[in-house]
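The values are calculated or read from the model by the stated rules, or taken from the named source; none is laboratory data. Since we're looking at a predicted model, the values are computed, not measured. Heads up, the Cβs are rebuilt from the backbone with ideal geometry, glycines too, and the neighbour counts pull from every protein chain shown. What goes into the accessible areas is simple: the full protein's heavy atoms, side chains included, and nothing from ligands, DNA or RNA. Shrake-Rupley method; radii C 1.70, N 1.55, O 1.52, S 1.80 Å.
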Amino acid sequence: MGKAFDPSLIVDFIPTLIYYLGVTLQILAASVLLGMVIGIAAAILRVFRIPVLNQFVILYISFIRGTPILIQLFLVFYGLPAILLFINIDISRMDALYFVIITYALSNGAHFAEIFRGAIKAVDYGQTEAAYSVGMNNSQSFFRIVLPQAIRIAFPNIANSIIGSLKDTSLAFTIGVMDMMGRGETLIAATAHALEVYLSLTVIYYAVVLLFEKIFRLYENRINRHQSVDVSVTG
């Protein structure tokens, strides 16, 4: 059992914990950017049904969606060094932060792949035909016409996934990464005020999520402003 509840400690702990917010955001930013690249590449392989690679992507997405992120984190942390050791590459001393980023990038990539695949299919095929009519080839029509529209369609789901990933980063401490949650665990060990620490973490995470939601809402309105104009003119 911890010590008696002291509400004043919630405010006292916040500055100590928020100092490590940068580590949490670093994990989030790197894993989202890498996950975006993986997701778009995987979505393209699925949409165009590239032989062999399409089946591999299906298996990859199924595995990520069917296993807890914590298990994926341990598999990468313990499994990747063991696999690479077979080809004489020793990464056992690599900073645990990189294993976290790799894990979350792979996890985000699988979720983004499904989001982008649905968004790409939602783009009217007439857009592609129009691109062909002005002399564009397959690659040009996809990357210049289809993909930008698919990103706009996918953005709300991407934003939700990013917020979910932010909360998932709280598991990074399980392999020794000193992020906000990791610092919180050390505070609990030092003070025995677990409830106060978790309430402080709740305040910080909730505030960051609200900020992200506000930013995403503003950006979504910005990228859809032309769409609104078109609808109003048509109406």
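With a sphere of radius 13 Å drawn around the Cβ of Ala189, what net charge do the other residues whose Cβ falls strictly inside it have (Lys, Arg +1; Asp, Glu -1)? Intermediate values should be presented prior to the final figure.
Details: positive: Lys3, Arg183; negative: Glu185.
Net local charge, Ala189 excluded: +1.
Is it possible to state the helix-based mean residue ellipticity at 222 nm for the chain, with each DSSP H run of 4+ residues giving -39500 (n - 2.57), the sum divided by total residues, to the nearest 500 deg cm²/dmol? What is it?
-24500 deg cm²/dmol
Could you calculate the contour length gain from Ser8 to Ile89, that is, 0.36 nm times the residue separation minus the distance between their Cα atoms, to one decimal place in nm?
Working it through step by step, the gained length comes to 24.2 nm.
Calculate, axis by axis, the spread of Cα positions in region 1-126 along the three principal axes, and write the results as whole Å, longest axis first.
So the extents along the principal axes, rounded to whole Å, are 62, 46, 26.
I want to make sure I understand the PRE zone here: with the label point 7 angstrom from the Cα of Ile223 toward its beta carbon, which residues in region 126-160 have backbone N atoms less than 18 Å away?
Hits in region 126-160 for Ile223 at 18 Å: 142-160.
Over the chain, give the accessible area per residue in Å² for a 1.4 Å probe, as an integer.
Numbers: 13520 Å² over 235 residues.
Averaged over the residues of the chain, the accessible area is 58 Å².
Taking Cα centroids, how far is region 1-76 from region 127-184 in Å?
Each part reduced to its Cα centre gives a spacing of 13 Å.
Students often forget the sequence filter, so: which lysines lie under 28 Å Cα-Cα from Lys3 once same-chain residues fewer than 8 apart are removed?
Answer for Lys3, where 28 Å is the Cα cut-off: Lys167, listed by chain and number.
Taking the Cα centre of the chain as origin and charging only Cβ (+1 Lys, Arg; -1 Asp, Glu), how large is the dipole, in debye to the nearest 20?
For the chain, the charge dipole is close to 560 debye.
Rounded if a/c is under 1.5, else prolate if a/b is larger than b/c, else oblate: which is region 11-83, with a ≥ b ≥ c the root eigenvalues of its Cα gyration tensor?
The shape class here is prolate.
For a quick protection proxy, order the peptides 195-208, 45-58 by their average other-Cβ count within 10 Å, most packed first.
195-208, 45-58
With labels modelled as points extended 7 Å from the Cα through the Cβ direction, what inter-label distance (nm, one decimal) is found for Glu213 paired with Asn137?
With each label point 7 Å from Cα toward Cβ, the separation is 4.7 nm.
Report, in degrees rounded to the nearest 10, the 0 to 90 angle that the Cα long axis of helix 53-66 makes with the longest principal axis of the chain.
It is inclined by approximately 30 degrees.
Nearest 10 degrees, 0 to 90: what angle lies between the long axis of helix 21-47 and the longest principal axis of the chain (Cα atoms)?
The angle comes out near 30 degrees.
At a 1.4 Å probe, what is the % contribution of carbon and sulfur to the accessible area of region 34-142? List each step's numbers first, then the result.
Values: 4210 of 6350 Å².
With neighbouring chains kept in place, the figure for region 34-142 is 66 percent.
Rounded if a/c is under 1.5, else prolate if a/b is larger than b/c, else oblate: which is region 114-235, with a ≥ b ≥ c the root eigenvalues of its Cα gyration tensor?
Verdict is prolate for region 114-235.
According to a simple spin-label model (label point 7 Å from Cα along Cα-to-Cβ), what is the distance in nm between Tyr206 and Thr186?
Taking the two extended label points, one gets 2.6 nm.
In terms of the Cα gyration tensor, with a ≥ b ≥ c the square roots of its eigenvalues, is the chain rounded because a/c is under 1.5, prolate because a/b exceeds b/c, or oblate?
Oblate, because a/c is 1.5 or more while a/b does not exceed b/c.
In degrees, nearest 10, range 0 to 90: what is the angle between the Cα axis of helix 225-234 and the longest Cα principal axis of the chain?
40 degrees
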